Amino acid sequence: MASQLREIVQQSKFQKTAVGHFNISDLVGLNAIFTAAFSLKLPVIIGVSEGEREFIGTKQAAALVKSIRDEYNYPIFINADHTHSLEKIKEAVEAGFDEVLFDAGQKPLDENIALTKEVVGYVKNYNETYGKDIMVEGEIGYIGGGSVILDRIPEGVSIKKEDLTKPEDAKRFVQETGVDLLAPAVGNIHGMFADVPDPNLDIQRIVEIYEASQTPLVLHGASGNTAEDIKQAIASGISIVHINTELRAAWKRGLDLALLSHPKEIAPYKIFPEMVHEVQKVVLEKLKIFNNM
């Protein structure tokens with residue numbers, strides 16, 4: 001039987017590996033991610049942000065992932081990525097999500113703690129009432145707001161050392177909110193630069209945050225980071241790694257290739273395989289990095 005997400009995250013923490021978290025907007029992405037993970041026999045998390053859920057449907061996204069998990073008895077999970085209100089958290093929880101990320105990282109720490117604590121309280125009560133084990137992730141620090149190709153670092157993103165998540169703040173945040181997972185700002189950014197790697201991650205800061213919080217850490221915005229940076233981050237306390245921008249770029253590349261190769265084709269299911277192939281290549285590469293393969 002497929003293991004629970006909490007158990008898999010704990011295993012990853014001790015094995016110094018990370019669970020891959022990949023976002024989708026359609027069945028192309030879901031097909032590519034699951035096929036890649038299945039071929040390597042590795043667990044995987046499907047992410048859908050508020051915008052992605054609005055397009056796919058919150059209940060529909062959860063049902064799709066659950067159908068794969070049930071049919072293949074496979075550890076594939078779904079996360080309500082970057083959710084900004086308790087109302088949207090409730091929608092995802094009631095739809096059957098395995099994890100929810102409440103993102104108040106741009107707000108002052110006291111306000112972030114108060115809002116996140118309310119979310120944790122709701123989810124824990126739901127878990128106790130219905131016998132579930134939905135995990136809650138909190139975010140502290142701002143790393144940008146979109147999975148896009150960048151030409152400069154977005155305004156307000158925490159890149160300078162003095163702006164990164166402080167270990168003492170991480171410890172307080174975890175203790176006061178009770179989150180299961182923590183996403184810090186450690187030099188990571190949402191999006192990626194077109195022609196050069198993203199700025200280096202602050203590996204020492206990851207070590208300090210993990211030691212202070214004693215909580216599995218999540219690396220957001222890992223598209224564009226070097227393999228070596230990601231491996232060091234995982235060895236230092238990162239248990240889940242998020243990839244989205246590189247998948248979107250691969251999706252677009254696959255579409256362009258398909259339309260060039262088959263300019264007269266109008267059947268979507270005959271165009272999609274090229275897109276699946278391009279996305280799958282990225283997922284395979286990342287999963288091998290995350291698991292030292």
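The values are calculated or read from the model by the stated rules, or taken from the named source; none is laboratory data. These numbers were taken from a predicted model, which means no experiment stands behind them. Counting neighbours? That spans all protein chains shown, and the Cβs are built from the backbone with ideal geometry, glycine included.
Number of residues in the stretch 23-56 that are of a type in the set (Lys, Arg) and not in a helix (DSSP H, G or I) equals 1. Scanning the stretch 87-109 for residues that are of a type in the set (D, E, K, R), modelled with pLDDT of 95 or more and more than 21 Å from residue 20 (Cα to Cα), we see that the one that is surrounded by the fewest Cβ atoms within 10 Å (Cβ to Cβ) is 87. For the stretch 185-213, a residue qualifies if it is modelled with pLDDT of 95 or more and either more than 18 Å from residue 161 (Cβ to Cβ) or buried (at least 23 other Cβ atoms within 10 Å of the Cβ) (or both), and the qualifying residues are 206, 209, 213.
Any chance the stretch 260-276 includes a residue that's touching a residue at least 40 places away in the same chain (Cβ under 8 Å), buried (at least 20 other Cβ atoms within 10 Å of the Cβ) and closer than 30 Å to residue 230 by Cβ? So far as the stretch 260-276 goes, yes, one or more of its residues are touching a residue at least 40 places away in the same chain (Cβ under 8 Å), buried (at least 20 other Cβ atoms within 10 Å of the Cβ) and closer than 30 Å to residue 230 by Cβ.
Taking the conditions exactly as written (modelled with pLDDT of 95 or more, surrounded by 20 or more Cβ atoms within 10 Å (Cβ to Cβ) and within 16 Å of residue 248 (Cα to Cα)), does residue 55 satisfy them or not? No: the conditions fail for residue 55.
Of all the listed residues (228, 211), the sole one being in a helix (DSSP H, G or I), touching a Pro at 6+ places or on another chain (Cβ under 9 Å), over 21 Å from residue 76 (Cβ atoms) and not basic (Lys, Arg) is 211. Considering only residues in the stretch 214-223 that are touching a Ser or Thr at 6+ places or on another chain (Cβ under 7 Å) and either surrounded by fewer than 24 Cβ atoms within 10 Å (Cβ to Cβ) or within 17 Å of residue 283 (Cα to Cα) (or both), the one that is modelled with the highest pLDDT turns out to be 216.
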